[in-house]
Amino acid sequence: MYKRIVVKVGTKVLSKNDGTLDERILRHLAEQISLLKRKNVEIILVTSGAVGSGRSLLTLKGKETVPNKQVYAAIGQVKLMSTYSKLFAKHGYLCAQVLATKEDFRDRGHYLNMKNCLAGLLYDKVIPVVNENDVVAIAELIFTDNDELAGLVALQLKADAVIILSSVGGVLDGSSRVIPEITGRTISSFRKHVTIAKTAGGRGGMVSKFAVARKLMSHGIPVHIADGKRKNVLLDIMKGITLGTKFVPRRKIKR
């Protein structure tokens, strides 16, 4: 079992068909993370959903502008974190909000401050809930999406693995079957199966996930991409059950 993992959950996984937050999914996610915490697994949760959460609370007139998205994110982040806080508290855990922009990974001082904060939260058994700071992250400050953010956090904290919970079951081959394992030797041959299609409300799609996984593999960090709505998906992956697509690095990272 991995001892330190980054779990990334996408907007589509957290949302109902109408775009509002699916608290049933959030509840089950909190249950799984809490069970793993009781087994002394350190978990950093990278979550999307702030803008979608804001849309469920407020309807703005006119076209979808950058300021509108900032308003949705500012309002929605409060609801999103309130929901996580309530759900984790039921299992006896505190969670903490950590908002980031690319600048936090470019500036050495910001980088170290963020790293020390996350390490401190893990030491004190608090669950860090990380999201892009959509309120101020525009133009050159934005990540490709939260897949990229999850990858940067994993490298920052030398995580044992990254688990990306997606709206699809993994990387699909030409026959729409999930590819169970991708290694350094086979990754180039599977790249052709990755399309640029994105889900509604998302920014990266499988192209982003594939790129992040490839980068993390080069640093010795395995990546799992699996169906985030599947029951006990995290628990089963941690048990070693084959689910979704696993990107297997050639070497293990030294903690």
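Some points to look at:
- Which of 180, 156, 65, positive extreme of dipole for the chain (C-beta unit charges): 180
- As a proxy for reagent exposure, ranking 176, 56, 208 by other Cβ atoms within 10 Å from fewest up yields 176, 56, 208.
- The label-point distance for residue 136 and residue 117, in a model that sets each label 7 Å from Cα toward Cβ, rounds to 1.0 nm.
- For residue 10, the residues 5 or more places off, or on other chains, whose built amide H falls under 5 Å of its own are 165.
- Charged side chains reduced to their Cβ positions (Lys and Arg at +1, Asp and Glu at -1) give the chain a dipole of some 740 debye around its Cα centre.
- Between region 37-57 and region 93-124, the alpha-carbon centres lie 15 Å apart.
- By the beta-carbon count within 10 Å of each Cβ, the least crowded to most crowded order of 22, 173, fewest first, is 173, 22.
- Label separation (residue 185 vs residue 106): 4.1 nm, computed from points 7 Å beyond Cα along the C-beta direction.
- Pairwise FRET efficiency - residue 86 versus residue 215, Cβ, R0 = 45 Å, nearest 0.05: 0.85
- Close amide H pairs (under 5 Å, H built 1.01 Å from N) link residue 96 with 127, 129, residues at least 5 positions away or on another chain.
- Percent antiparallel among DSSP beta bridges (both partners in region 4-248, rounded to 5): 15 percent
- Taken about its Cα centre, region 85-195 carries a charge dipole of about 340 debye when Lys and Arg each add +1 at the Cβ and Asp and Glu each add -1 at the Cβ.
- Estimated from helices alone, the mean residue ellipticity of the chain at 222 nm is -12500 deg cm²/dmol (sum of -39500 (n - 2.57) over DSSP H runs with n ≥ 4, per residue).
- Violating pairs (Cα-Cα greater than 28 angstrom) within the set 39/102; 3/79; 16/231: 39/102; 3/79
- Residues of region 144-161 falling in the label zone of residue 251, defined by backbone nitrogen less than 19 Å from a point 7 Å along Cα to beta-carbon, are 155-161.
- Given their separation in residues at 0.36 nm each and the Cα-Cα distance between them, residue 194 and residue 24 gain 58.2 nm when the chain is fully extended.
- Region 4-248: C-alpha gyration tensor shape, a/c 1.5 cut-off, then a/b vs b/c: rounded
- Between the amide H of residue 15 and those of 22, distances stay under 5 Å, these residues lying 5 or more places away or on another chain, with hydrogens modeled in the peptide plane.
- For the chain, relative contact order (Cα pairs under 8 Å, six or more residues apart, normalised by length) works out to 23 percent.
Every read-out reported here was derived from the displayed coordinates using simple, explicitly stated rules and does not represent laboratory data. All figures in this text were calculated on a predicted structure; none of them were measured in a lab. Virtual Cβ from ideal backbone geometry, glycine too; neighbours counted across all protein chains shown.
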